[in-house]
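S.K.: This is the structure I want to talk about, given as structure tokens.
The values are calculated or read from the model by the stated rules, or taken from the named source; none is laboratory data. Here the structure is a predicted model, which means the values were calculated and not measured. With ideal geometry, Cβ positions are generated from the backbone for all residues, glycine too; neighbour counts draw on all protein chains shown.
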Amino acid sequence: MPQNTRRIIGLDVDGVLLDFVGHTVQTMRARGFTMREPEEYKGWSLQSAMPPEQAVILPALWRAPGWCSWMPALPGAVAFVRDLRCWGEVVFVTSPMPDAPHWHHERTRALSGLFGAHAGEVIFTHRKDLVSCDVLIDDKIEHVNDWSMRHARRGAILFETPHNVLDRAGKVLHPLALAVSGYSAVLDEMERP
């Protein structure tokens, strides 16, 4: 059992814990659209990777009541959060969805149901570098680099996924930051002082 349980761990949600891309693909398929497999989308902009008649639907789909509530956890995410809590206090740091009146409530309720999060443990912001925590785990290289520059004591962890391959290409990771693949690699990193 880890000695230091007072560490504050900032944890991104979409792409790290919840399956935003897979949920989008399944919802579009349910509406009759032909979609590629979720792991075939290699960049953040799903809209740029699909035909215009599909792309135009996405913003309304993501902002629809209930959509955020039913986003499934990625395989292993629930156990990962449970294990991560052995190393410190987990704070869920998630980006808001502009013009989505139900997003905050649904996201908080989903995190509570899946991971036992309390409303005070959920932070909505596009500026993750402003969040004061001991480590930030995120799948967006800009968030990882910005946080690492502001918090010089330790770098953030870039959680590698199929969906951030194109966004990582040609970008330099902050020298203090670390890129890892998978939950077990993150937990291994938590063992570092």
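S.K.: For segment 74-89, state whether one or more residues are touching a helix residue (DSSP H, G or I) at 6+ places or on another chain (Cβ under 8 Å), farther than 28 Å from Asp188 by Cβ and not polar (S, T, N, Q).
M.R.: no
S.K.: Then there's this: Evaluate the following for Gly182: is it farther than 14 Å from Trp87 by Cβ, under 20 Å from the mean Cα position of the chain (by Cα) and in the same structural domain as Trp87 (by TED's automatic domain parsing)?
M.R.: Yes, satisfied.
S.K.: Checking the structure you have, find out if any residue of segment 22-29 is assigned to a helix (DSSP H, G or I), out of contact with any strand residue (DSSP E or B) (no Cβ under 8 Å at 6 or more places or on another chain), over 21 Å from Ala110 (Cα atoms) and basic (Lys, Arg).
M.R.: Yes, the conditions are met somewhere in segment 22-29.
S.K.: Go through segment 1-57 and give me each residue that's surrounded by fewer than 14 Cβ atoms within 10 Å (Cβ to Cβ), closer than 30 Å to Arg153 by Cα and acidic (Asp, Glu).
M.R.: none
S.K.: In addition: If you check every pair at least six apart or on different chains, which have Cβ atoms under 6 Å apart with a residue in segment 31-59 that is in a loop (DSSP other than H, G, I, E, B) first and a residue that is surrounded by fewer than 14 Cβ atoms within 10 Å (Cβ to Cβ) second?
M.R.: Taking only residues 6 or more apart or on different chains, the pairs are Met35/Arg29; Lys42/Val165.
S.K.: When Ala119 is evaluated against the numbered criteria (1) within 24 Å of Val131 (Cα to Cα); (2) in contact with a His (Cβ under 9 Å, 6 or more places away or on another chain); (3) of a type in the set (Gly, Ala, Ser), which criterion, by number, is the only one it fails?
M.R.: The failed condition is (2).
S.K.: Determine which member of the set Leu158, Leu114 is among the aliphatic types (A, V, I, L, M), within 22 Å of Ala73 (Cβ to Cβ) and over 14 Å from the mean Cα position of the chain (by Cα).
M.R.: After applying the criteria, what remains is Leu114.
S.K.: Quick check: is even one residue across segment 17-25 within 15 Å of the chain's Cα centre (by Cα) and polar (S, T, N, Q)?
M.R.: yes
S.K.: Within segment 62-162, considering only helices (runs of 4 or more DSSP H) that don't extend past its boundaries, which have at least 2 residues that are free of Cβ contacts under 8 Å to residues at least 60 places away in the same chain, among the acidic types (Asp, Glu) and surrounded by fewer than 20 Cβ atoms within 10 Å (Cβ to Cβ)?
M.R.: 141-150
S.K.: Are any residues in segment 5-21 out of contact with any Leu (no Cβ under 8 Å at 6 or more places or on another chain) and part of a helix (DSSP H, G or I), and if so, which ones?
M.R.: Phe20
S.K.: Separate question: Looking at Pro51, is it over 18 Å from the mean Cα position of the chain (by Cα), outside the structural domain of Ala169 (by TED's automatic domain parsing), at pLDDT below 95 and within 25 Å of Val122 (Cα to Cα)?
M.R.: No; evaluated as a whole, the condition is false for this residue.
S.K.: Let me ask something else about it. Return the residues of segment 177-192 that are out of contact with any Leu (no Cβ under 8 Å at 6 or more places or on another chain) and touching a residue at least 60 places away in the same chain (Cβ under 8 Å); say none if nothing qualifies.
M.R.: Those that are out of contact with any Leu (no Cβ under 8 Å at 6 or more places or on another chain) and touching a residue at least 60 places away in the same chain (Cβ under 8 Å): Tyr183, Glu191.
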